[in-house]
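The values are calculated or read from the model by the stated rules, or taken from the named source; none is laboratory data. On a predicted model such as this, the values are computed, not experimentally measured, just so you know. All Cβ positions, glycine included, derive from the backbone under ideal geometry; neighbour counts span all protein chains shown.
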Amino acid sequence: MEFRKALSDDADSIMEIYRQAQACLKARGVNQWQNGYPNPQIVERDIASEHALVCTLDGLIGGVFVLSFDHEANYDRIYSGKWISSAEYGVIHRIAVTDTVRGQGVGSAILSKAQQLCIASGIHSIRVDTHRDNKPMQSLLQKNQFTLCGVIYLEDQSERLAYEKLF
């Protein structure tokens, strides 16, 4: 398994991974990513900002995620809890894996890589959020020692469970 920054040529493969994730969420009754998000414009923006990374297995893209060290305005207010740290943090967004590798540890490998990249940048905290009904993502986060900190709201007022991990 190898990780690298996503390239413009990866956009179609990344969108296919997101389409598979959307279908998987829909099949599980999770109303997350069911409104055309993420879309090709977001993927292109993620690639152009150099925040998108892909995980390759035998030369094929098996997973994607976004790791940013930019300020996340949606995390300024947290409800029904509090963040563990007030220090600088990395933010993981849009983590997804292909149907062919789902359940094979790629999600945990992505979280581990994100942590390594944070440490290399002198950051010792990662934050991430997910839909209340996205039990597989919640399980992945808990398995990887993320702590549920509370609830945040996105710009469209959608509720998300907020997690953080210190290292």
> In the list LYS165, LYS135, which residue meets the criterion of being under 19 Å from ALA21 (Cα atoms) and of a type in the set (Lys, Arg)?
Replying inline: LYS135
> If TYR18 satisfies every condition in (1) assigned to a helix (DSSP H, G or I); (2) more than 23 Å from LYS135 (Cα to Cα); (3) in contact (Cβ under 8 Å) with a residue 60 or more places away in the chain but one, which is the exception?
Replying inline: (2)
> Could you say which residue among VAL101, VAL91, VAL66 is of a type in the set (Val, Ile, Thr) and part of a loop (DSSP other than H, G, I, E, B)?
Replying inline: VAL101
>> Just to be sure before I move on: is ILE126 touching a Lys or Arg at 6+ places or on another chain (Cβ under 6 Å) and not polar (S, T, N, Q) in the structure I sent?
In response: yes
> Regarding THR56, is this residue surrounded by fewer than 16 Cβ atoms within 10 Å (Cβ to Cβ), modelled with pLDDT of 95 or more and more than 17 Å from HIS131 (Cα to Cα)?
Replying inline: yes
> Which condition number does GLU155 fail, the rest of (1) of a type outside the set (Phe, Trp, Tyr); (2) touching a Cys at 6+ places or on another chain (Cβ under 7 Å); (3) modelled with pLDDT under 95 being met?
Replying inline: (2)
> Before we move on, is ASP46 in a loop (DSSP other than H, G, I, E, B) and either out of contact with any Leu (no Cβ under 8 Å at 6 or more places or on another chain) or hydroxyl-bearing (Ser, Thr, Tyr) (or both)?
Replying inline: no
> All but one of (1) assigned to a helix (DSSP H, G or I); (2) among the hydrophobic types (A, V, I, L, M, F, W, C); (3) touching a helix residue (DSSP H, G or I) at 6+ places or on another chain (Cβ under 8 Å); (4) over 19 Å from GLY29 (Cβ atoms) hold for ILE110; which doesn't?
Replying inline: (3)
> Are any of the residues in the range 144-158 touching a residue at least 24 places away in the same chain (Cβ under 8 Å) and over 21 Å from TYR79 (Cβ atoms)?
Replying inline: yes
> Here are some residues: ARG45, ARG4. Which one is at pLDDT 95 or above and closer than 20 Å to GLU155 by Cβ?
Replying inline: ARG45
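For (1) within 18 Å of LYS165 (Cα to Cα); (2) within 15 Å of the chain's Cα centre (by Cα); (3) crowded, with 19+ Cβ neighbours inside 10 Å; (4) modelled with pLDDT of 95 or more, each residue gets a yes or a no:
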{"site": "GLU72", "(1), (2), (3), (4)": "yes, yes, no, yes"}
{"site": "ILE78", "(1), (2), (3), (4)": "yes, no, no, yes"}
{"site": "LYS82", "(1), (2), (3), (4)": "yes, no, no, yes"}
{"site": "SER86", "(1), (2), (3), (4)": "yes, no, no, yes"}
{"site": "ALA96", "(1), (2), (3), (4)": "no, yes, yes, yes"}
{"site": "GLN104", "(1), (2), (3), (4)": "no, no, no, no"}
{"site": "SER108", "(1), (2), (3), (4)": "yes, yes, no, yes"}
{"site": "LEU111", "(1), (2), (3), (4)": "yes, yes, yes, yes"}
{"site": "ALA120", "(1), (2), (3), (4)": "yes, no, no, yes"}
> Inside the range 116-143, can you point out the residues that are closer than 21 Å to TRP33 by Cβ and assigned to a loop (DSSP other than H, G, I, E, B)?
Replying inline: HIS131, ARG132, ASP133, ASN134
>> Could you list, ordered by first residue, the pairs with Cβ atoms under 6 Å in which the first is in the range 74-98 and closer than 27 Å to ILE61 by Cβ and the second is hydrophobic (A, V, I, L, M, F, W, C) and surrounded by fewer than 12 Cβ atoms within 10 Å (Cβ to Cβ), at least 6 apart or interchain?
In response: none
